[in-house]
Amino acid sequence: MTPKPQAQNTREKNNIHTDPYRNMKKEDLRIVYMGTPEFAVEPLRRLIEGGYNVVGVITMPDKPAGRGHKLQQSQVKQYALERGLPLLQPEKLKDEHFLQQLRQWKADLQIVVAFRMLPQIVWDMPRLGTFNLHASLLPQYRGAAPINWAIINGEKETGVTTFFLKQEIDTGEIIRQEKIDIADTDDAGTIHDRLMALGAQVVTDTVDDILNGTARRLPQEQTDVTGGLKPAPKIFKETCRIDWNKPVKQIYDFVRGLSPYPAAWTELVPADGEPVVLKIFETKKTDMPHNLKPGSILTDGKTYLRIAASDGLVDIRSLQLPGKKRLKTEELLRGFRLAGQASVR
């Protein structure tokens, strides 16, 4: 039997599949981009400024927001309008009128960043397929909130992954992955911004891989999942409530994993008033043994506010009362008196 050429063996070993359209120029590759929030703007900007041929953008319909319920445009829409890019905002992705418009763009490749789950009729439309940028090291943290959950769970690293879409969410073949470290002082905001910049680079690198016919297609089943898979489900208000019966470290990670948005919260119970919701954005771990009931408050009423956890005290550094702006603890204490035996729950 004639052995396969070494180059071909290497490609198969690394799950690299050559493409019959390889070495096509990026100016000729017709790309449709799908995204909605700020996280999706930077990859789109990198594509446009890099000379890639984005022939159309798809984003969510405008939604009412704020007290006046004025229609608010997505950040991707705002950028697309600034650059004069063709734009679609479908209510339903299976709507035949939308599908006809999408077909008219004649995309060779579709890119999805923080958008929504696509039906197969959409992601299977381009001849080169559709790939997604996900803010985790797949297969870990599949789901809607990978940045938050990685920090909440105390991970030391995270990253971004590009992968080809398939029917089951976040399960397609991996093309590229890049890692970053998570420092103990990082929160969801700082990691979001770093992954946004990293993801923009990985998106353009992935397009180049596809253009060159060197895109890897690594099945997620072949990756190391020692310790089991950790999900990243959507976060709701009740998800963000702090459990003061947990250890200090877990509460510290929980708060920074939800800061600045959607923000961890607790119910402040004054000794002489109605309970109010207190959002907490920044804390400090305090290794201080106590005999207090979890949720008990220690404060001098001027400079510090500490709350008892199961094994120590959580020093509150930044917080917010309803209808007020975010403040440092000492700023809030100057205008809000915690009388008597106040606590949280």
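Quick look at the numbers
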item	result
Given (1) open to solvent by 40 Å² or more (accessible area, probe 1.4 Å); (2) closer than 30 Å to A308 by Cα, number of the condition D187 does not satisfy	(1)
Within region 250-345, strands (runs of 3 or more DSSP E) holding 3 or more residues that are aliphatic (A, V, I, L, M)	264-269, 276-286, 305-308, 313-320
Among the candidates R127, R142, residue that is in contact with an Asp or Glu (Cβ under 7 Å, 6 or more places away or on another chain), over 27 Å from G257 (Cβ atoms) and open to solvent by 10 Å² or more (accessible area, probe 1.4 Å)	R127
Pairs where the first residue, in region 324-345, is of a type in the set (S, T, N, Q) and the second is open to solvent by less than 40 Å² (accessible area, probe 1.4 Å) and assigned to a loop (DSSP other than H, G, I, E, B), C-beta under 6 Å, 6+ apart	S343/G295
Flag if I297 is β-branched (V, I, T), open to solvent by 20 Å² or more (accessible area, probe 1.4 Å) and in contact with a Lys or Arg (Cβ under 8 Å, 6 or more places away or on another chain)	yes
Filtered residue count, region 95-121, keeping only those that are surrounded by fewer than 17 Cβ atoms within 10 Å (Cβ to Cβ) and in a loop (DSSP other than H, G, I, E, B)	5
Residue list for region 52-63, restricted to those being outside any loop (DSSP other than H, G, I, E, B) and surrounded by fewer than 18 Cβ atoms within 10 Å (Cβ to Cβ)	V55, K63
Enumerated strands (runs of 3 or more DSSP E) restricted to region 123-236, each holding at least 3 residues that are under 20 Å from the mean Cα position of the chain (by Cα), modelled with pLDDT under 95 and acidic (D, E)	none
When residues of region 19-51 are limited to those that are open to solvent by 20 Å² or more (accessible area, probe 1.4 Å) and of a type in the set (S, T, Y), the one modelled with the lowest pLDDT	Y21
When residues of region 26-73 are limited to those that are more than 17 Å from F131 (Cβ to Cβ) and aliphatic (A, V, I, L, M), the one nearest to the chain's Cα centre (by Cα)	V41
Counted residues, region 307-325 - those being buried (at least 17 other Cβ atoms within 10 Å of the Cβ) and touching a Phe, Trp or Tyr at 6+ places or on another chain (Cβ under 9 Å)	9
Test result for L211, of a type in the set (A, V, I, L, M) and under 30 Å from Q110 (Cα atoms)	yes
Residues within region 64-94 that are free of Cβ contacts under 8 Å to residues at least 24 places away in the same chain, at negative phi and surrounded by fewer than 12 Cβ atoms within 10 Å (Cβ to Cβ), tallied	8
Region 96-115, residues that are under 28 Å from R176 (Cα atoms) and in contact with a strand residue (DSSP E or B) (Cβ under 8 Å, 6 or more places away or on another chain)	L102, W105, K106, A107, D108, L109, Q110, I111, V112, V113, A114, F115
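Yes or no, residue by residue, for (1) small (G, A, S); (2) open to solvent by 50 Å² or more (accessible area, probe 1.4 Å):
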{"residue": "K230", "(1), (2)": "no, yes"}
{"residue": "P233", "(1), (2)": "no, yes"}
{"residue": "F236", "(1), (2)": "no, yes"}
{"residue": "I242", "(1), (2)": "no, no"}
{"residue": "N245", "(1), (2)": "no, yes"}
{"residue": "Q250", "(1), (2)": "no, yes"}
{"residue": "L258", "(1), (2)": "no, no"}
{"residue": "A264", "(1), (2)": "yes, no"}
{"residue": "E267", "(1), (2)": "no, no"}
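The values are calculated or read from the model by the stated rules, or taken from the named source; none is laboratory data. As the structure is a computational prediction, the values presented were derived from the model and not from experiment. All Cβ positions, glycine included, derive from the backbone under ideal geometry; neighbour counts span all protein chains shown. These area figures cover heavy atoms from the full protein model, side chains too; ligands, DNA and RNA do not enter into them. Shrake-Rupley method; radii C 1.70, N 1.55, O 1.52, S 1.80 Å.
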